[in-house]
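The next block holds one structure in the form of structure tokens; read it before the comments.
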């Protein structure tokens, strides 16, 4: 992505029992905002004009991976995740949860 500069900002705000994870991608001519939880919308701002794109939430988005894992343990399919990838995920989780 040579020549493309952007800043990625991820913020998680927890208030009582409500969880909001708002993502914003800032670009030279605007920004793109979306939430992980809650309302399913994408806000695209360019030249101070915002377009809101609404979409339906995905149903059972984890189901294909769960099926592949179950098939693996039933000896009915390949391992959907290599040991190397699993070890890398664990390393990242350790870094995120590391106390200073």
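Look through 88, 51, 68, 76 and report the one residue that is in contact with a strand residue (DSSP E or B) (Cβ under 6 Å, 6 or more places away or on another chain) and either modelled with pLDDT of 90 or more or under 23 Å from residue 24 (Cβ atoms) (or both). Give the steps one after another, and end with the answer.
Numbers: 88 fails: in contact with a strand residue (DSSP E or B) (Cβ under 6 Å, 6 or more places away or on another chain); 68 fails: in contact with a strand residue (DSSP E or B) (Cβ under 6 Å, 6 or more places away or on another chain); 76 fails: in contact with a strand residue (DSSP E or B) (Cβ under 6 Å, 6 or more places away or on another chain).
One residue alone meets the criteria, 51.
Conditions (1) over 30 Å from residue 86 (Cβ atoms); (2) more than 14 Å from the chain's Cα centre (by Cα); (3) assigned to a helix (DSSP H, G or I), marked per residue:
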{"position": "34", "(1), (2), (3)": "no, no, no"}
{"position": "44", "(1), (2), (3)": "yes, yes, no"}
{"position": "53", "(1), (2), (3)": "yes, yes, no"}
{"position": "60", "(1), (2), (3)": "no, yes, no"}
{"position": "66", "(1), (2), (3)": "no, yes, yes"}
{"position": "69", "(1), (2), (3)": "no, yes, yes"}
{"position": "75", "(1), (2), (3)": "no, yes, no"}
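The values are calculated or read from the model by the stated rules, or taken from the named source; none is laboratory data. Everything numeric here is computed off the predicted structure, so don't read it as measured data. Neighbour counts run over all protein chains shown; Cβ positions are idealised from the backbone, glycine included.
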